[in-house]
Amino acid sequence: MTYPLGYLYPNEFAQPLQWLPVLFSYSLLISGADLLLLALIAYLFNKLKRTVPVLLIVGLAFYTVVLLGPLADLRNPDRAVLLFSHSHLFPTAENPGLALITLQGAVLWPLGFVLAALFTLLYFAPANYKRYLSTRNPFYKLLSLGVKSRTPFLNAVLKILAVVALIPLAFWAVYPATLFTMQTALWIWRNWQTLLPMYFADTFVVATAAAILAMWIYGIRKVGDDINGVLLIHGAASISVVALLVAQVAIWNAQYGGSPYIQVIDQVASWITPVVLLYLVTFILSLVAVKWRAVSLVVPFTGVAAALLNKWNIIVRAQYAQRSGLTFIGPAEDVIAHELPVMIGIVAFGIFLSIVLSILFPAEGHD
Amino acid sequence: MAVVALSLAVPVSAQAERKHRWAMYIDVSKCYGCYACVAACAAENNVPIGVFRTWIERHVTKGGTVIFVPKQCNHCENAPCVKACPTGATYKRTEDGLVLVNDDLCIGCGACIQACPYGARFFNPVKGVVDKCTFCEHRIYQGKLPACVEACPTGARVFGDLNDPESPVSQLVKKMPTSRLKEWTGAEPMIFYRDLPSEADL
């Protein structure tokens, strides 16, 4: 460890990573919000009809467990309930402003959850009523909420719900990026002008990757040509991320080229080259897969690999650039080891919930 | 010039309402890096090893001059850490403007650590919550000075109430040209530096 330009911010050396990054990056990598966004947009535009049920089921499952990531990230998780009982949502003399974490965690997540759950219940309600009629199982009648068929009124309610739900879900899809861009301390995040739009585009890369994988698990033949639309969204999102990353490197060079800051920027920018290459690979593969469907099985893996590397760079490595912007502390290698079991636990819980929901809402059964 | 700095420091509304406006004046040219303030603070406040409520930075100017700059929580008027706290555990006390942490409400999310432009906050591994300088609020209302101020052998640190026009800190801030750290953040810190080198303002 060197101190090239003075002894700066010693508290940073004690604990350079403030948000345990693995959990954070994981939990928002497939937050469910992105899948739900994709499902609702597809529903509103009457597209991907055979894929929407799968997106809803997997999306709702992962959206339900997403808070476990930030929860495990707290030093005092037993006090998480204070987020609701002592919400910093309204400015007072002692607590001016509004805390983004409170807004996202205590307001937008519950709101998004209620709306998404209601939408999913109503979406599958007629199918569940049919199941009730064939089995006479009262549980299915309960799940149908008394909705017997898909009427114009039901469609109108679903569309209203979809539009309203887009707001909290869109906020959740870019939650980490909003946290990073709103803080004033960390030099790299403060100077990453394309972070928010890039994160938003990346949301669709990951969502479509998860959707394609879900389609393969569900049965690629059953979804028909739906996959082509998802592949095109994946490609468009990937190339958008590439453009925004390249633009950011150009901005950094224009602003800080030749200054001591560029050495610290290089530590983060050096990872951008492989990230861009991976996004380009997934972009090309998604186009190829439109013609040769078998290739589409590779696309989720290249897409998620690109997103993982990109987010690791943004969330973890960017934090090693000090507040001064003049020193790069250097990544610690032991970050993953103790987080891995928690990470796997949350993923497993999400998959378990997906299975439960797929039993409650059979994708084959919808109208 | 000094008057401008003072008027920028505290919003007019706050100046009128508050009983006290605690502030610190630090003369960088008087600090020779003895670390007496760091040791006194750690002893007074049980600060664990490896983290700091106050610290001294050593800078070397282009001309080769070594300069020591004491730093700590700036008890900002417009504190970014207070806005970021999701439970209101971090708050700005209305009667004196001190930025404090309610240990019972801190959930340990780290948002305030990320929000502080000065690196003044840290997780206290003993208390299990976020910690920072309190301007020794347990001492100042007993008529004592903060531990760091009392320990400083050269009088580089001067502490007092800006609401009292006769206090040394008021006099110094009025008479001397001062600057504050990272003014571009809009945080309006309550620590006023004299002879602050540009190298220390990153």
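Of the residues making up segment B:94-107, those that are within 9 Å of chain A (Cβ to nearest Cβ) and at pLDDT 95 or above number 4.
Output yes when any residue across segment A:227-239 is in a helix (DSSP H, G or I) and farther than 24 Å from A:Val174 by Cβ, and no when none is.
yes
Listed here are the residues, each with its yes/no results for (1) over 27 Å from A:Met343 (Cα atoms); (2) out of contact with any helix residue (DSSP H, G or I) (no Cβ under 7 Å at 6 or more places or on another chain); (3) open to solvent by 30 Å² or more (accessible area, probe 1.4 Å); (4) modelled with pLDDT of 95 or more.
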{"site": "A:Tyr3", "(1), (2), (3), (4)": "yes, yes, yes, no"}
{"site": "A:Pro10", "(1), (2), (3), (4)": "yes, yes, no, no"}
{"site": "A:Leu68", "(1), (2), (3), (4)": "no, no, yes, no"}
{"site": "A:Gly97", "(1), (2), (3), (4)": "yes, no, no, no"}
{"site": "A:Gly105", "(1), (2), (3), (4)": "no, no, no, no"}
{"site": "A:Ala116", "(1), (2), (3), (4)": "no, no, no, yes"}
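Which residues, counting only those in segment A:71-97, are of a type in the set (A, V, I, L, M), within 7 Å of chain B (Cβ to nearest Cβ) and not in a helix (DSSP H, G or I)?
Listed by number, the residues that qualify are A:Leu74, A:Ala80, A:Ala93.
So in segment A:147-164, with the set limited to residues that are open to solvent by 50 Å² or more (accessible area, probe 1.4 Å) and outside any helix (DSSP H, G or I), which one is nearest to A:Leu37 (Cα to Cα)? So the residue we want is A:Arg150.
Table: residues versus (1) more than 26 Å from B:Ala115 (Cβ to Cβ); (2) at pLDDT 95 or above.
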position	(1), (2)
B:Lys144	yes, yes
B:Val149	yes, yes
B:Cys152	yes, yes
B:Gly155	yes, yes
B:Gly160	yes, yes
B:Ser170	yes, yes
B:Glu183	no, no
B:Pro189	no, yes
B:Pro197	no, no
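Among the residues of segment A:127-142, those identified as open to solvent by 20 Å² or more (accessible area, probe 1.4 Å) and either under 30 Å from A:Pro70 (Cα atoms) or touching a residue at least 12 places away in the same chain (Cβ under 8 Å) (or both) are A:Tyr129, A:Lys130, A:Arg131, A:Tyr132, A:Tyr140, A:Lys141.
Is it true that some residue in segment B:128-142 is at the interface with another protein chain (Cβ under 10 Å from one of its Cβ atoms), open to solvent by 20 Å² or more (accessible area, probe 1.4 Å) and farther than 14 Å from B:Asn74 by Cα?
Here is the first cut: in segment B:128-142, the ones at the interface with another protein chain (Cβ under 10 Å from one of its Cβ atoms) are B:128-132.
Going one step further and asking which of them are open to solvent by 20 Å² or more (accessible area, probe 1.4 Å), we end up with B:128.
Within this subset, residues satisfying the condition of being farther than 14 Å from B:Asn74 by Cα are B:128.
Checked against the condition, which is being at the interface with another protein chain (Cβ under 10 Å from one of its Cβ atoms), open to solvent by 20 Å² or more (accessible area, probe 1.4 Å) and farther than 14 Å from B:Asn74 by Cα, segment B:128-142 yields at least one hit.
Can you name the residue in segment A:33-89 that is small (Gly, Ala, Ser) and under 19 Å from the mean Cα position of the chain (by Cα) and is also farthest from A:Leu115 (Cα to Cα) among such residues? Of everything passing the filter in segment A:33-89, A:Ala72 is farthest from A:Leu115 (Cα to Cα). Every condition in (1) part of a loop (DSSP other than H, G, I, E, B); (2) within 13 Å of chain A (Cβ to nearest Cβ); (3) of a type outside the set (Val, Ile, Thr) is met by B:Asn163 except one, and the failing one is (2). Looking across segment A:170-203, the residues that are assigned to a loop (DSSP other than H, G, I, E, B) and under 16 Å from A:Leu244 (Cβ atoms) come down to A:Val174, A:Asn191, A:Trp192, A:Gln193, A:Thr194.
Here are A:Val230, A:Val246, A:Val241: which of them is buried (at least 21 other Cβ atoms within 10 Å of the Cβ), farther than 23 Å from A:Leu111 by Cα, modelled with pLDDT of 95 or more and not assigned by TED's automatic domain parsing to the domain that holds A:Leu40?
Step by step, each of A:Val230, A:Val246, A:Val241 is checked, and only A:Val241 is buried (at least 21 other Cβ atoms within 10 Å of the Cβ), farther than 23 Å from A:Leu111 by Cα, modelled with pLDDT of 95 or more and not assigned by TED's automatic domain parsing to the domain that holds A:Leu40.
Residues of segment B:27-50 being open to solvent by less than 40 Å² (accessible area, probe 1.4 Å), within 12 Å of B:Pro153 (Cα to Cα) and assigned to a loop (DSSP other than H, G, I, E, B), which ones? Hits for segment B:27-50 are B:Cys31, B:Gly33. B:Gly110 meets the conditions (1) surrounded by fewer than 24 Cβ atoms within 10 Å (Cβ to Cβ); (2) more than 7 Å from chain A (Cβ to nearest Cβ) in every case but one. The failed one is (2).
Residues that are part of a loop (DSSP other than H, G, I, E, B), crowded, with 16+ Cβ neighbours inside 10 Å and in contact (Cβ under 8 Å) with a residue 40 or more places away in the chain within segment B:179-202 comprise B:Arg180, B:Leu181, B:Lys182, B:Ala187, B:Glu188, B:Pro189, B:Met190, B:Asp195, B:Leu196, B:Pro197, listed in sequence order.
Restricting attention to segment B:123-153, the residues that are small (Gly, Ala, Ser) and free of Cβ contacts under 8 Å to residues at least 60 places away in the same chain add up to 2.
Of the residues making up segment B:96-120, those that are assigned to a loop (DSSP other than H, G, I, E, B), under 16 Å from A:Tyr320 (Cα atoms) and small (Gly, Ala, Ser) are B:Gly110, B:Gly119. Take B:Thr61 and tell me if it is surrounded by fewer than 22 Cβ atoms within 10 Å (Cβ to Cβ), modelled with pLDDT under 95 and closer than 16 Å to B:Phe135 by Cα. In short, no. When B:Val158 is tested against (1) in a helix (DSSP H, G or I); (2) more than 9 Å from every other protein chain (Cβ to nearest Cβ), exactly one condition is not met: (1). Within segment A:273-293, no residue that is farther than 17 Å from A:Asn228 by Cα and at pLDDT below 95 sits with its Cβ atom under 8 Å from a residue that is open to solvent by 40 Å² or more (accessible area, probe 1.4 Å) and part of a helix (DSSP H, G or I) at 6+ positions apart or across chains. Screening A:Leu23 against (1) within 25 Å of A:Asn310 (Cβ to Cβ); (2) within 14 Å of another protein chain (Cβ to nearest Cβ); (3) not in a helix (DSSP H, G or I) leaves a single unmet condition, (3). Looking across B:Asp96, B:Asp161, B:Asp103, one residue alone is more than 22 Å from A:Leu98 (Cβ to Cβ) and open to solvent by less than 10 Å² (accessible area, probe 1.4 Å). It is B:Asp96.
The values are calculated or read from the model by the stated rules, or taken from the named source; none is laboratory data. The shown structure was predicted, so the numbers you read here are calculated from the model rather than taken from an experiment. Virtual Cβ from ideal backbone geometry, glycine too; neighbours counted across all protein chains shown. Note: areas computed on protein heavy atoms with side chains; ligands, DNA, RNA excluded. Shrake-Rupley method; radii C 1.70, N 1.55, O 1.52, S 1.80 Å.
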